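The values are calculated or read from the model by the stated rules, or taken from the named source; none is laboratory data. As the structure is a prediction and not an experimental result, all values here were calculated from the model. So basically every Cβ, Gly included, is an ideal-geometry build from the backbone, and we count neighbours across all protein chains shown. The accessibility values were calculated without ligands, DNA or RNA, using every heavy atom of the protein model including side chains. Shrake-Rupley method; radii C 1.70, N 1.55, O 1.52, S 1.80 Å.
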Amino acid sequence: MAVVLCFGDSLTYGYDPVTGGRFDRADRWPEVMSGELGAGHTVISEALPGRTTVFDSPYADARSGRALLGPILESHAPVDLVILMLGTNDLQVPLGLSARHSASGLWTLIDIVNRSGAGPGAGAPRCLVVSPPPIVQAKGFMGVFYEGRDAESRELEVQFRVICQQTSTPFFAAGDVAQPSAVDGINLDPDGQHALGHALALRVQELVS
């Protein structure tokens, strides 16, 4: 049985941009992926809205992925595969960061996974990086956090690919299969959640078969 840990932010959490709540489990991509993978896999979702790669948020505590990834890996060991899907929150206007800064943060998270003993036989788990869909005209209160960040968000995929090539880490671009909801321009709607879950199930099968 393969254990897959999904480490992400509100897109993985299943934030509903319409209600401000959370989608039912059946409409969150880790659960969709789990259904596709079947009984031979255990999918664990460790997602928190506002989570960054390595940066401290000015709005909420404990949002740095660097601070929590190691302990979370230990708590779920042995883990066969870690899916890292972060980056959008690094681009919040008050942080003043670029996609290159976010990619450097991603490198740190990949290094934490590779140096951990949380995989099978006390080795390192495999790692899959998923770049989030680019921002499309952030609306509502999201517009305050991400005004003018659309172009920089499109750079995340470019910069993340570079880091994955340098570290020999498998990569998947969520924007290839899903686009943000028209409601807030950031998070996924149920159709996007399902599309991403189905696509990642195929990728995970390749990596853990």
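What accessible area per residue comes out for the chain, rounded to a whole number of Å², with a 1.4 Å probe? Kindly include the intermediate steps, with their values, before the conclusion.
On the way: 8950 Å² over 209 residues.
Solvent-accessible surface per residue comes out at 43 Å².
If the elastic network links every pair of Cα atoms under 10 Å, which of 58, 94, 170 fluctuates the most in the Gaussian network model of the chain?
Fluctuation is largest for 58.
Quick query: amide H of residue 47 versus all other amide H atoms, modeled in the peptide plane; which residues come in under 5 Å with a sequence gap of 5 or more or a different chain?
Placed amide hydrogens put 8 under 5 Å from residue 47.
Summing +1 for each Lys or Arg and -1 for each Asp or Glu, what net charge is found among the other residues whose Cβ lies under 14 Å from the Cβ of residue 45?
-1
Given the rule -39500 (n - 2.57) for each run of at least 4 DSSP H residues, summed and divided by the residues of the chain, what is its mean residue ellipticity at 222 nm, to the nearest 500 deg cm²/dmol?
Computed mean residue ellipticity for the chain: -12500 deg cm²/dmol.
Once the principal axes of the Cα atoms of the stretch 81-130 are found, what is the range along each, listed largest first in whole angstroms?
For the stretch 81-130, the Cα spread along each principal axis is 42, 16, 13 Å.
When the chain is treated as a GNM, springs tying every alpha-carbon pair under 10 Å, which of 85, 33, 142 comes out with the largest mean-square fluctuation?
142
Classify the stretch 1-96: rounded, prolate or oblate, from the alpha-carbon gyration tensor (a ≥ b ≥ c, eigenvalue square roots; a/c under 1.5 rounded; otherwise prolate if a/b is larger than b/c)?
Since a/c reaches 1.5 but b/c is at least a/b, the shape of the stretch 1-96 is classed as oblate.
Roughly how many percent of the accessible protein surface of the stretch 1-80 is carbon and sulfur, given a 1.4 Å probe and a whole-percent answer?
48 percent
Which value does Rg/Rh take for the stretch 152-209 over its C-alpha atoms, Rh per Kirkwood?
1.02
Once amide H atoms are placed 1.01 Å from N in the peptide plane, what residues at a sequence separation of 5 or more from residue 16, or on another chain, have their amide H within under 5 Å of its amide H?
Answer set, sorted by chain and number: 21, 22, 23.
Counting only protein heavy atoms, what percent of the accessible surface of the stretch 146-199 is carbon or sulfur at a 1.4 Å probe?
The nonpolar share, carbon plus sulfur, comes to 47 percent.
What is the sum of charges, Lys and Arg at +1 and Asp and Glu at -1, for the other residues whose Cβ falls under 14 Å from the Cβ of residue 199?
On the way: positive: 203; negative: 36, 176, 191, 206.
Local charge sum for residue 199: -3.
Two-decimal Rg/Rh of the chain from alpha-carbon positions, Kirkwood Rh?
Reported Rg/Rh (Cα atoms, Kirkwood Rh): 0.94.
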